[in-house]
Amino acid sequence: MKLAVFVSDLRNTVDTLERLESKKLGIILVGNGVYHASLKEDGKPSPILNKPASFYVLSEDLETRGLSTSDVDSRVKVVNYGEVVDLIFNEYEKLAWL
């Protein structure tokens, strides 16, 4: 199964993601979840980024929070709404929201 997971929260998502198994996993960071792409705690990036997955962050949500693409970890691809729609329809079979 090809699973895309929308992460919209900064906290309490790592444990849930650890339990997910998929042939192909995409993590789309939206809302406050965009902080996983840029903030570092104790000098370390978010533990979510250690999951074997493709990572995406919604550019509009970055901008809303005063962040720019230069703030984003290199493992995360910045995408707009249209590109998220393309991912949903072309790359993944199932969707989940955390």
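Any read-out appearing in this document is the output of simple, stated calculations on the displayed coordinates, not a laboratory observation. Bear in mind the structure is a predicted one, so any value in this text is a computation, not a measurement. Using ideal geometry, Cβ is built from the backbone for each residue, glycine included, and neighbour counts are taken over all protein chains shown.
Of the listed peptides 29-35, 52-58, what is their order by residue-averaged count of other C-beta atoms within 10 Å, with the highest listed first?
29-35, 52-58
Any idea how many Lys pairs in the chain come in under 23 angstrom at the alpha carbon, given 8 or more places apart or on separate chains?
For the chain, qualifying lysine pairs total 17.
Using the alpha-carbon centroid of each, what span in Å lies between the range 57-98 and the range 1-33?
12
Just add up the charged neighbours of P45: K/R +1, D/E -1, any other residue whose Cβ is under 10 Å from the Cβ of P45.
+1
Cβ under 12 Å from V79's Cβ, V79 left aside: what net charge do those residues give with Lys, Arg +1 and Asp, Glu -1? Each step should come with its number before you reach the end.
Working: positive: K77; negative: E60, D61, E83, D86, E91.
In short, -4.
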